[in-house]
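Chemist: Pasting a structure below so you can have a look.
Readers should treat all values here as calculations from the given coordinates under stated rules, not as data from a laboratory. Treat the numbers as computed from the prediction; the structure is a model and nothing was measured. Positions of Cβ are backbone-derived with ideal geometry, glycine not excepted, and every protein chain shown enters the neighbour counts.
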Amino acid sequence: MKNHFVFIIPLLTILLLTGCTRHHAQTVVATIDNQPLLLQEYESTYARLNGGWDRGKQATTEEREEFLDLLVKFKMKIRDAYDSGLHLEPDIQTELEEYRKSLAAAFLIERELVEPALREMYNRRTEELRASHILLRLPQNPEPTDTMLSYRKAQEVIQKLEQGESFADLAIRYSEDPGVQNNKGDLQYFSGGMMVKPFEDAVYRLEAGEFTREPVRTQFGYHIITLTDRKPATGNIRVSHIMTFAQPGMSPQDTLNAYNKIREVQDILKAGAGFRETALEYSEDRQSAERGGDLGTIRRRSLPPDFEHVAFSMQPGEVSDIVRTEYGFHIIKVTDIEPLSSYEEMKDNLRRQYQQRHMQEDHKNFVASLKEKYSLIRHDEHIEAFVAAVDTQWFAVTHAWHDSLDASIVDQPLFTIAGNTISAKRGAKQIQNNPEFTGRRLMPNHLRDMLDRVEEVELIQKEAEDIEERYPEFAGKIDEYRDGILIYYIEQKRVWDNIDLSEDRLVEYYEEYKERFTFPDRVQICEIVVRSESLAQELYEKITAGEDMEELAAEHTVRSGMKRQRGVTGMINADRDELAKRGFEQEAGEVSAPFKFGNNYAIVKTRERDPARTKTFEEARAHVTGEYQDMMAKKIEQEWVENLRQRYQVEMFPEKLQQAFVTEDE
């Protein structure tokens with residue numbers, strides 16, 4: 001009895017209730033066995049299920065009363081499930097425990113790993129930092145001696161900084177960053193998410209004027225970092241420019257000519273010409289010139305540093321002096337500034353970035369901390385014995401593979417966590433039940449990876465043992481799921497299990513309502529559709545001369561998928577399209593002359609005609625079963641609900657719903 005969650009999501013949401021401070025919200029709108037259903041519960045439930053508070057305010061009297069009836073029915077059914085002891089059944093207890101473990105792990109990772117990381121990412125984006133660095137490079141897989149030498153060299157540089165030597169001078173002398181001769185280590189302004197994580201973590205801990213007292217290790221090597229400025233983030237800017245090209249390698253005269261051109265443009269603007277019209281006529285960046293110089297909305301580190309330094313210091317409508325970059329000369333105009341979006345607006349984008357860039361490493365570090373916290377012991381000799389004993393022909397999800405293992409293997413501990421052992425049998429069951437491993441064969445390297453994952457799962461579940469105490473809202477989610485399971489099973493027990501689906505009963509229903517179970521006019525055809533009239537005529541002549549139409553269709557027809565079917569359809573409705581219509585108008589075996597079909601030409605042969613008729617019972621069986629089952633389910637449920645209303649003495653006060661969604665100031 002698993003995987004029923006998909007059926008109960010709409011039911012679970014009914015339980016997502018919030019409080020209300022308004023006095024009239026304590027109004028009772030119904031009682032169930034003398035237990036009150038308050039207006040505040042009704043309001044919050046309605047708002048969650050129907051698009052929010054404003055939608056509730058707009059609801060008609062009929063809509064409000066219908067929802068009250070739905071909510072009361074739900075609560076009666078839950079009460080019936082508890083009164084019948086359904087919540088104590090072992091299968092339900094097992095399913096709930098499995099769900100709790102799964103949800104607890106995901107909830108813990110979200111609360112203790114993901115949400116803090118997203119908040120940190122957002123908070124960092126509220127600032128812009130300017131920093132310089134000295135980089136001592138390391139190869140991708142350095143030898144320990146190389147790492148030590150580089151680390152010691154970095155420490156020497158830090159000592160020189162502590163003695164008062166200039167950071168820029170030391171950067172030129174020591175840094176192995178390719179751009180250091182030009183920028184003296186200056187990285188200009190950046191914000192959260194623009195640097196590799198270890199670098200970013202280190203620089204955001206600094207105050208302006210400070211430098212790192214220990215070398216910072218990244219995938220590029222060791223860095224010494226100094227923070228030169230820290231200020232609130234500008235946000236993104238929309239910017240336009242007018243440009244003349246003056247790239248490195250041009251002659252001094254060509255560079256001077258480019259400068260003189262931009263000076264002329266500057267004079268034209270000062271004389272009152274519009275920026276957009278001037279860019280269109282004079283800018284040598286033709287791609288942006290066609291848009292009046294518009295470069296669109298930009299964020300930090302998306303354009304050359306000298307350009308950005310000026311642009312991000314400007315206000316909307318302001319026009320810059322001449323700016324030189326590696327590409328040439330520019331006059332810049334900022335047309336708009338977009339303030340930083342709120343956390344909620346950025347959250348989805350932050351989550352995607354975090355998952356792509358940092359989550360894997362953070363998850364690894366989180367698990368490492370749990371290994372230390374719970375004194376993890378790996379029993380490597382037992383792990384290798386287990387790996388060696390597993391038949392590599394099995395797949396992870398196959399039920400039988402772990403049952404074939406010898407008791408001397410499955411009873412051995414693979415891990416010890418906080419003094420508790422995790423046996424090979426338990427590990428094997430986890431592997432078999434984990435959907436991550438679907439389709440994976442139990443090869444030794446795969447199996448070791450799977451056991452590493454088992455180790456992670458066990459550690460996180462250990463960490464989540466007291467999650468209800470740390471996060472009370474988690475307990476609420478478990479209660480919601482429990483009630484959802486109970487609704488599913490009580491409806492199964494009271495309704496669906498009581499529907500008679502015997503052959504005799506279905507035939508009886510079919511005979512009583514057989515006029516409902518009919519086929520429309522149908523036909524089966526062989527079709528050829530080609531693009532030219534001449535080819536259609538040629539094929540028609542071949543068919544009438546006795547050539548096989550299906551072979552010709554397989555070679556020539558252009559309709560998607562019909563080549564593979566050799567032009568033959570199944571039984572289709574006669575009104576499907578013009579091809580079917582022509583086919584039904586003909587007698588079986590008759591072939592149409594070519595006719596226009598959209599932009600193409602078609603030939604149709606009628607293989608079988610089936611005029612509208614009543615379906616036989618066998619043809620209608622699925623339809624009959626579904627219709628009868630739905631009819632009986634409604635009837636039985638209605639009788640069940642009426643019985644519950646009597647048993648629990650339900651009273652409803654729909655007139656009180658007029659007070660719903662009204663605030664104190666209304």
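Chemist: Pick the calculated Cα Rg over 2.2 N^0.38 Å for this structure from (1) 0.89; (2) 1.42; (3) 0.95?
Modeler: (2)
Chemist: Here's something else I'd like to know. Quick one: check the C-alpha center-to-center distance for segment 394-441 versus segment 192-259, whole angstrom.
Modeler: 51 Å
Chemist: Would you mind checking which residues have amide H under 5 Å from Glu127's amide H? H placed 1.01 Å from N; only 5 or more apart, or other chain.
Modeler: Counting only residues 5 or more places away or on other chains, the set is Gly192, Ala233.
Chemist: How far is it, in nm, from the label point at Glu642 to the one at Ser313 when both lie 7 Å from their Cα along the line to the Cβ?
Modeler: 8.3 nm
Chemist: Something else about it: Going by amide H atoms built from the backbone, whose H comes under 5 Å of the H on Val568, apart from near neighbours?
Modeler: Those lying under 5 Å, H to H, from Val568 are Glu527.
Chemist: Okay, moving on. Quickly work out the Gln181-to-Arg286 label distance, labels modelled 7 Å from Cα along the C-beta direction, and quote it in nm with one decimal.
Modeler: My value for the distance between the label points is 3.4 nm.
Chemist: Okay, next question. Go through 653-663, 128-138 and give me the packing order, highest mean Cβ count within 10 Å leading.
Modeler: On the way: 653-663: 15.1, 128-138: 22.5.
My ranking of the peptides, most packed first, is 128-138, 653-663.
Chemist: Still on this structure, I have one more. Apply the Karplus curve 6.51 cos²θ - 1.76 cosθ + 1.60, θ = phi - 60°, to the phi angles in segment 416-427 and return the couplings in whole Hz, x for Gly and Pro.
Modeler: Each residue of segment 416-427 in turn: 10, 10, 6, x, 9, 8, 10, 6, 4, 4, 5, x Hz.
Chemist: Still on this model: Using the Kirkwood radius built from alpha carbon pairs, what does the Stokes-Einstein equation give as D for segment 127-232 at 4 °C and 1.567 mPa s, in µm² per second? Walk me through the intermediate numbers first.
Modeler: Details: Rh = 13.8 Å.
Estimated via Stokes-Einstein, D reaches 94 µm²/s.
Chemist: By a straight-distance test (C-alpha under 16 Å), which lysines pair with Lys333 as possible cross-link partners, with residues fewer than eight away in the same chain excluded?
Modeler: Candidates past the 8-residue exclusion: Lys270.
Chemist: While we're looking at this one, here's another question. What are the ³J(HN,Hα) values, in whole Hz, obtained from phi via the Karplus relation 6.51 cos²θ - 1.76 cosθ + 1.60 with θ = phi - 60°, for each residue of segment 321-337 in sequence order, with x given for Gly and Pro?
Modeler: 6, 6, 10, 9, 10, 5, 9, x, 10, 10, 10, 10, 10, 8, 9, 6, 10
Chemist: Under the rule a/c < 1.5 gives rounded, and otherwise a/b versus b/c splits prolate from oblate, where does segment 236-338 land using the Cα gyration tensor?
Modeler: On the way: a/c = 1.78, a/b = 1.27, b/c = 1.40.
Since a/c reaches 1.5 but b/c is at least a/b, the shape of segment 236-338 is classed as oblate.
Chemist: What spacing in nm lies between the two simple spin-label points modelled at Lys634 and Leu501, each 7 Å away from Cα in the Cβ direction?
Modeler: Each label point is offset 7 Å from its Cα along the Cβ direction, giving 1.9 nm.
Chemist: Output the 0 to 90 degree angle, nearest 10, between the alpha-carbon long axis of helix 61-83 and the longest principal axis computed from the alpha carbons of the chain.
Modeler: It is inclined by approximately 80 degrees.
Chemist: OK, next. Between helix 115-125 and the chain, what is the angle of the helix's C-alpha long axis to the longest principal axis, kept within 0 to 90° and rounded to the nearest 10?
Modeler: The angle comes out at about 40 degrees.
Chemist: Taking R0 as 56 Å, what FRET efficiency do you get between Asp452 and His623 from their Cβ-Cβ distance, rounded to the nearest 0.05? The partial results should precede the final answer.
Modeler: Numbers: r = 51 Å, r/R0 = 0.91.
E between Asp452 and His623, to the nearest 0.05, is 0.65.
Chemist: To make sure I understand the rule: partners must be lysines, Cα under 23 Å from the Cα of Lys656, and not fewer than 8 residues away in the same chain. Which ones qualify?
Modeler: Within the straight-line cut-off, Lys656 pairs with Lys57, Lys73, Lys75.
Chemist: Okay, next question. Reachable lysines from Lys160, Cα under 17 Å, same-chain residues fewer than 8 places away excluded?
Modeler: Answer for Lys160, where 17 Å is the Cα cut-off: Lys184, listed by chain and number.
Chemist: Still on this structure, I have one more. ³J(HN,Hα) across segment 356-367 via Karplus (A = 6.51, B = -1.76, C = 1.60, θ = phi - 60°), whole Hz, x for Gly/Pro?
Modeler: 6, 9, 10, 4, 4, 5, 5, 5, 4, 5, 4, 5
Chemist: Let me ask another. Whole percent per 10 Å bin, from 0 to the bin with the longest distance: what is P(r) over all C-alpha pairs of segment 384-500?
Modeler: The distribution over segment 384-500 is 12, 31, 23, 22, 10, 1, given as percents.
Chemist: Taking H as built 1.01 Å from N, whose amide H comes closer than 5 Å to the amide H of Arg522, not counting residues under 5 places away?
Modeler: Counting only residues 5 or more places away or on other chains, the set is Ala574, Asp610, Ala612.
Chemist: Related question: If the chain between Lys656 and Glu547 were fully stretched, how many nm would it gain, using 0.36 nm times the residue separation less the Cα-Cα distance? Before the final figure, lay out the partial values.
Modeler: Numbers: separation 109, 0.36 × 109 = 39.24 nm, distance 7.92 nm.
Taking Lys656 through Glu547 to full extension adds about 31.3 nm, to one decimal.
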